[in-house]
């Protein structure tokens with residue numbers, strides 16, 4: 001079933017602006033992204049759901065004029081932490097302790113390892129690490145969308161700093177990583193009936 005859905009999905013180029021994705025399906029897609037694994041469980045990113053037409057129009061203008069941004073039902077913006085800070089790391093560790101009802105020596109030692117290893121690093125190094133974690137969640141979101149029969153298009157073709165300005169991300173300590181319009185494919189999309197092409201398994205997977 002899942003593989004059938006993954007074969008069904010493609011990076012939709014033309015979306016039907018009249019068809020909206022239900023709140024229930026959007027919530028399932030977001031929850032799949034929230035449940036994604038991340039390094040040390042830090043979840044160093046956020047997802048901004050943009051539905052406001054004016055805001056999406058502004059983003060489209062700095063994203064190679066890609067129509068899916070405004071024609072789709074929802075626009076997901078994956079935005080990573082701009083840096084690892086002591087407060088951010090401690091907040092996540094404290095949450096784990098609270099929800100699991102205690103702590104232990106090994107866990108606290110690991111906290112200190114991250115604080116001494118991550119916090120002093122260059123901010124750009126930390127951002128790039130956080131962005132890679134966001135991509136894990138991106139994959140989960142795309143898979144969940146396919147499972148729900150929702151079309152999606154992952155995008156890197158945009159000007160991140162301008163998207164950050166539009167959404168006020170800098171003030172929140174975030175930097176945009178990738179965009180994902182959600183919606184439903186429209187008639188006339190030139191990609192819809194084309195065969196999915198991937199490298200052959202023997203050229204893609206090796207066993208040791």
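Read-outs: derived from the displayed coordinates by stated rules, not from any lab. Everything numeric here is computed off the predicted structure, so don't read it as measured data. Note that each Cβ is placed from the backbone with ideal geometry, even for glycine, and that neighbours are counted across all protein chains shown.
Taking the Cβ of each residue in 42, 182 as the centre, tally the other Cβ atoms inside 10 Å and list the residues starting with the fewest.
Details: 42 19, 182 26.
Listing 42, 182 from fewest to most nearby Cβ atoms yields 42, 182.
Using r as the Cβ-Cβ distance of residue 121 and residue 205, and R0 as 35 Å, what FRET efficiency do you calculate, to the nearest 0.05?
Details: r = 34 Å, r/R0 = 0.97.
That gives a FRET efficiency of 0.55.
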On Cα atoms only, tilt of 123-147 relative to the major axis of the chain in degrees = 50 degrees
task = Calculate for the chain the 222 nm mean residue ellipticity that helices alone would give, adding -39,500 (n - 2.57) per DSSP H run of length 4 or more and normalising by residue count, nearest 500 deg cm²/dmol.
result = -14000 deg cm²/dmol
message = What number do you get for the chain when its Cα radius of gyration is normalised by 2.2 N^0.38 Å, N = residues?
response = 1.14
ask   = Given the C-alpha centroids of region 16-63 and region 86-116, what is the distance between them in whole angstrom?
value = 28 Å
query = How far, in degrees from 0 to 90, does helix 86-100 lean away from the longest principal axis of the Cα atoms of the chain, to the nearest 10?
reply = 90 degrees
task = Please give, to one decimal in nm, the separation of the simple spin-label points placed at residue 170 and residue 86, each 7 Å out from Cα toward the Cβ.
result = 2.6 nm
0 to 90° range, to nearest 10: angle between helix 23-34 axis and the chain longest Cα axis = 40 degrees
